[in-house]
1. For a protection proxy built on the mean count of beta-carbon atoms within 10 angstrom, sort 457-470, 201-214, 265-278 highest first, please.
2. Compute the Rg to Rh ratio over the stretch 35-112 from the alpha carbon atoms, using the Kirkwood formula for Rh, and round to two decimal places.
3. How far apart, in nm, are two points set 7 Å out from the Cα along the Cα-to-Cβ line at residue 339 and at residue 398?
4. Can you give the FRET efficiency for residue 563 and residue 53, using 1/(1 + (r/R0)^6), R0 = 45 Å, r = Cβ-Cβ distance, to the nearest 0.05?
5. Once you have the alpha carbon radius of gyration of the stretch 323-369, what is it after dividing by 2.2 N^0.38 Å, with N set to its residue count?
6. Can you return the lysines within cross-link range of residue 261? Criterion is Cα-Cα under 25 Å, with same-chain partners fewer than 8 residues away left out.
7. What is the distance in Å between the Cα centroid of the stretch 207-276 and that of the stretch 33-72?
8. Per residue, what volume in Å³ does the convex hull of the Cα atoms of the stretch 144-203 enclose?
Amino acid sequence: TAAKAGGHAKFNFTPIDIATDFEVHVPKGYSTKILARWGDPLFSDADGAYSAATGVPLDMSEKVFGENTDGMELFDVDGKEVIAVNSEYVNPKINLPAASEGTPQNADEVQLLKNLQGVTVMEVADNGNGYEIVVDSPYNRRITHETDMVLAGPLAGHELVKTAADPTGMAVKGTMNNCGSGRTLWGTYLTCEENFNGYFGATGEEPAGEGYARYGIGGEGRYAYEKFDPRYDISNEPNEPHRHGFITEIDPSDPTSTPIKRTALGRFKHENASMAHASDGRVVVYMGDDERGEYLYRYVSNGTYEEGGPTEGLLDDGTLYVAKFNDDMTGEWLPLTPETVDMEVAEVLCFTRMAASAAGGTTMDRPEWVATNPVKVEAYCALTNNKNRGVKPNAGGDETPVNGPNPRETNNYGQIVRWTPADENHASDAFTWDLYVMAGNPEVYDNEYGGSDNVTPGNMFNSPDGMAFSSDGLLWIQTDGNYKNEEDFAGMGNNQMLVGDPETGEIARFMTVPYGAEVTGLTWSLDKKVAFVGVQHPGGSWPDGEGHPRSSVVAVWRDDGVAFG
Ligand code: FEO
Ligand code: CA
Ligand code: CA
Ligand code: CA
């Protein structure tokens with residue numbers, strides 16, 4: 001019963017057409033400028049570090065904006081605007097010498113790749129020429145695979161996370177495959193470790209235990225790090241992968257602060273983290289595990305939070321839940337505790353996927369970003385697609401039949417599920433749910449593959465992924481899908497960012513990105529006049545017009561200077 005898109009008063013722009021070119025497009029009356037590209041200097045001694053021919057040299061690689069920008073959040077630090085932003089992964093083919101053929105050949109090449117991912121913290125400012133990085137700001141910082149971190153929460157110090165280098169099981173190096181983001185109520189950044197498994201491999205005998213297979217760890221690592229850095233070799237250090245796959249908290253206001261891995265939020269392929277303040281004062285974090293047939297999770301703190309009050313223990317002491325969606329549009333959060341899943345607390349947090357299977361959660365079509373509506377007690381999760389229903393990605397996973405929120409057998413288009421907690425309390429264990437949108441192609445199909453009523457030839461898209469609310473309660477939807485613009489995807493064009501109205505269901509296309517790119521990551525300036533949007537893995541030579549394509553953050557604003565965030 002959703003309305004058709006277009007013309008609703010809440011959208012203050014004229015929706016744009018699809019694009020198939022190598023440019024960024026926004027509505028008439030809006031403008032864009034590049035804020036930060038892969039290789040741009042954070043410090044003046046890295047000026048000119050990037051070259052179109054050779055990328056970034058090793059000795060400059062920790063002083064520049066990383067590659068493949070992803071989730072980001074902007075913070076008010078004593079009136080300064082500081083963005084924390086993820087660099088999800090590195091493209092080895094364009095960062096390593098051609099002779100390497102995309103596989104590192106020595107420890108230096110591994111180090112270069114490690115340095116260009118992780119997190120960038122950077123001050124930004126508009127000094128009359130549009131937003132730019134404040135080079136040499138004391139807040140500027142790179143956080144990589146090598147940065148010292150601490151493990152906190154019930155898994156910290158456990159046998160499962162002790163290594164030869166860290167017999168305490170408390171002191172970890174690095175965060176990896178930082179995908180989506182989140183922010184706490186107290187102004188810190190949450191970076192989410194997604195496909196961490198790909199960095200680990202075995203050069204010899206593989207350790208026993210079903211946890212490796214369920215997380216896709218074993219055999220040769222995707223990036224061959226294990227050949228040159230024994231930390232990534234599970235034959236040498238079987239517990240190192242147990243120290244990654246977490247939500248890591250970073251304080252953007254203190255460049256000397258030690259990032260904290262919050263084990264209480266579970267270990268899986270974390271997409272992002274959306275924190276809500278429950279009506280009873282507890283802190284709630286919603287999180288997706290982005291893999292076919294995995295789950296949607298919720299964490300609820302034991303303690304309560306008051307604005308400006310203490311935060312100690314809020315992300316260490318609480319309960320993790322997996323979502324169960326019933327076909328009658330009701331649902332419940334199933335606690336993952338020793339009583340419910342017959343695993344120790346530390347095992348639940350290290351092998352969260354197995355705990356969720358034991359509890360009987362609902363298998364999902366790849367949970368990507370979760371977003372919590374700031375003006376209504378409800379939340380949304382993008383279920384990006386499921387191209388191989390029934391084919392388990394990892395040993396030990398569950399069957400993935402069609403079910404309530406994942407209603408299509410072949411799902412190349414994706415959908416967004418929405419849930420409303422009972423009693424208007426995000427900490428309630430019961431909820432009701434519906435599908436906000438089922439993406440589809442109404443020009444190719446007149447069945448369920450044509451999408452829900454709020455999908456039209458004028459706004460169609462596939463593979464919703466990034467999502468964020470603006471303060472006015474509009475839902476911004478970013479896609480990471482098929483951009484060939486043919487067959488099932490004809491009429492969808494390049495990846496795009498759309499805006500959805502939760503009340504009417506309407507959806508309108510706001511932005512398109514260069515061919516090849518996905519859109520991921522969205523945050524606003526403090527005055528809400530400028531949106532910062534991530535463009536990851538573009539094609540062509542965008543944005544320079546020559547040389548390699550460079551993942552970049554783009555600033556978008558209204559020409560009349562009116563706030564829109
Ligand atoms: Fe890194 Fe699931 O996107
Ligand atoms: Ca994503
Ligand atoms: Ca995706
Ligand atoms: Ca991506």
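Here, each number is a calculation from the coordinates, and none is a lab measurement. A quick note: this is a predicted structure, and the numbers were derived from the prediction, not measured. Cβ: placed from backbone, ideal geometry, glycine included. Neighbour counts: every protein chain shown.
1. Peptide ranking by packing, descending: 265-278, 457-470, 201-214.
2. 1.03
3. It works out to 2.1 nm between the two label points.
4. The calculated FRET efficiency here is 0.60.
5. Relative to the rule-of-thumb radius for its length, the stretch 323-369 sits at 1.22.
6. By straight Cα distance, residue 261 reaches 63, 114, 162, 173, 269.
7. Cα centroid to Cα centroid, the span is 25 Å.
8. Once divided by residue count, the hull of the stretch 144-203 is 114 Å³.
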